[in-house]
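This report refers to the structure that appears directly beneath it.
Laboratory data are not the source of any read-out in this text; all were calculated from the coordinates shown. In this text the structure is predicted, and so the values were computed from the model without any measurement. A quick note on method: Cβ atoms are made from the backbone with ideal geometry, for glycine too, and the neighbour counts reach across all protein chains shown.
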Amino acid sequence: MEIIHISAECYPVAKVGGLADVVGALPKYQNKLGHIAKVVVPAYDTKFIRENAFEVVYDAWGNYGNHWFSFRVLKEKTNKLGFDLYLVHIPGLTDRPSVYGYQDDTERFIAFQIAALDWISQWEHRPDVLHFHDHHTGLGPFMTANCVKYQHLKETATVLTIHNAQYQGQFGWDKLYYIPAFDLWKSGLLEWEGDINPLASGIKCAWRVTTVSPSYLEEMRYNARGLESLFNYERGKCVGILNGIDTEVWNPATDPMLSKNFEIKTVEAGKLANKKLVCGVFGLDFNKPLFVFIGRLVDEKGADLLPDVFYDSLHYHRDKINILVLGSGDNDVEHRLNDIKNVHGANYNVYIGYNEQLSHQLYAGADFLLMPSRVEPCGLNQLYSLRYGTIPIVRRIGGLKDTITDVGDGGFGICFDQTSIYDITDGISRAVGLYGDKKKFKAIRKTIMKIDHSWDKAATEYIELYQILN
């Protein structure tokens with residue numbers, strides 16, 4: 001079976017969030033199952049693209065409405081990611097350092113989708129599945145089903161995976177002409193609440209829709225940023241498949257980004273070595289429990305509450321805990337997190353920005369990972385932390401609910417029900433108590449490192465889904 005993943009992100013090519021990790025791992029595991037999985041992403045101006053070798057496999061012109069553009073499809077030569085990687089290079093549109101955040105993002109991703117489908121529709125054969133990811137490629141299912149120029153792909157199965165329904169890519173009807181010619185009677189398939197909504201269109205038009213955890217699928221029926229009724233209507237073709245992690249990349253025994261590698265038998269010495277390194281860099285005492293937050297500093301992640309939570313926890317626990325933050329996002333949150341250093345500098349620090357190596361070191365060196373999310377479709381951070389023997393402190397939502405069970409219920413994490421200052425600080429206090437029970441704490445560490453959250457199971461579930469459609 002030939003599967004083409006079309007996405008805005010793919011680790012290590014270009015990464016903003018969990019979408020990149022999924023697209024960078026799932027195809028590799030599908031290939032291991034004996035199938036042919038390929039990935040198509042825009043050619044950004046990123047370090048990976050600059051430092052690797054590519055060959056041109058297609059060169060053409062495309063257009064969105066009256067706007068014509070030249071584009072090339074480039075193939076990575078060595079198959080170093082475990083799958084065929086193709087980049088769509090559109091001069092002036094894709095070749096920028098950031099993935100998102102430009103005023104013409106609508107035009108950029110429409111052009112990317114058109115170029116990708118123009119290329120694929122020229123193949124002498126049809127792939128078995130076109131697998132689209134999030135709203136950036138959400139118009140793909142509509143275009144393959146309805147646009148005249150893509151009739152060759154009309155019988156190709158389409159799957160849309162929703163990694164985060166909070167972002168939908170809406171734009172006005174004045175840009176309808178960007179979409180290749182189709183029967184205007186079908187315009188309703190593009191519309192939601194008065195706008196053209198790529199995510200809603202993808203849900204309507206894809207043969208199957210998946211979310212990245214079963215609980216997130218259920219939550220979409222009452223919390224989908226305006227798409228609740230659509231999810232309820234289309235419920236029959238939707239399925240929740242829990243993400244996995246790439247256990248080759250995220251393996252404490254072989255991870256080259258760690259100061260000391262470790263496995264279950266050597267977890268205590270290994271984590272202590274990494275903790276000493278991290279604490280040394282950030283001026284913290286490695287003898288105290290280390291709590292970390294890794295992620296985007298946005299309301300969705302509960303980051304707006306973190307400054308108050310950290311002030312309260314550091315004051316209440318006095319000189320008994322360390323807190324370290326790695327992330328970026330809302331400017332006000334960044335400033336408030338930085339200000340905490342002025343009061344609690346001996347027990348607290350923050351790194352504003354993104355640093356892949358540091359994130360690995362934090363998973364390896366921390367004692368607890370904090371995830372007080374308001375929305376968490378799946379969450380990968382808690383899965384990485386389990387793999388590295390770091391106990392998650394999470395809100396029961398989405399994929400966090402599916403993967404973490406509270407110690408009080410016979411599980412291995414600290415869980416709470418609301419994203420509130422009280423619930424989060426109480427979770428930290430419970431973790432301090434757990435850390436004090438050394439025997440139980442060490443036993444949980446070893447238990448969580450044995451949990452299998454590899455992509456093997458999820459990759460098989462996706463293949464079974466594809467097979468139903470073919």
### Message
Tell me the mean residue ellipticity at 222 nm calculated for the chain from its helices only (DSSP H runs of n ≥ 4, each -39500 (n - 2.57), averaged over every residue, nearest 500).
### Response
-10500 deg cm²/dmol
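Run the dipole for segment 170-304 about the Cα centre, Lys and Arg Cβ at +1, Asp and Glu Cβ at -1, nothing else charged, and hand back the magnitude in debye, nearest 20.
On the way: 16 positive and 18 negative charges, 88 e Å.
Taking the Cα centre of segment 170-304 as origin, the dipole is about 420 debye.
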## Note on the structure
Within the under-14-Å Cβ sphere about residue 306, not counting residue 306, Lys/Arg +1 and Asp/Glu -1 give a net charge of -4
### Task
Give, as a single signed number, the net charge of other residues whose beta carbon lies under 14 Å from the beta carbon of residue 179, with Lys and Arg counted +1 and Asp and Glu -1.
-3
### Task
Measure out, as a whole number of angstrom, how far apart the alpha-carbon centroids of segment 125-170 and segment 374-449 sit.
36
### Query
Pulled fully out, how much extra length does the chain show between residue 123 and residue 272, if you take 0.36 nm times their separation in residues and subtract their Cα-Cα distance?
48.2 nm
### Query
How far apart, in nm, are the 7 Å Cα→Cβ label points at residue 469 and residue 175?
2.5
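Roughly how many debye, to the nearest 20, is the charge dipole of segment 1-124 about its Cα centre, given +1 on each Lys and Arg Cβ, -1 on each Asp and Glu Cβ, and no other charges? The partial results should precede the final answer.
Values: 12 positive and 15 negative charges, 85 e Å.
Once rounded to the nearest 20, the dipole reads 400 debye.
Exposure proxy check: 238, 10 ranked by fewest other beta carbons within 10 Å? Before the final figure, lay out the partial values.
On the way: 238 19, 10 27.
By the 10 Å Cβ count, ascending, the order reads 238, 10.
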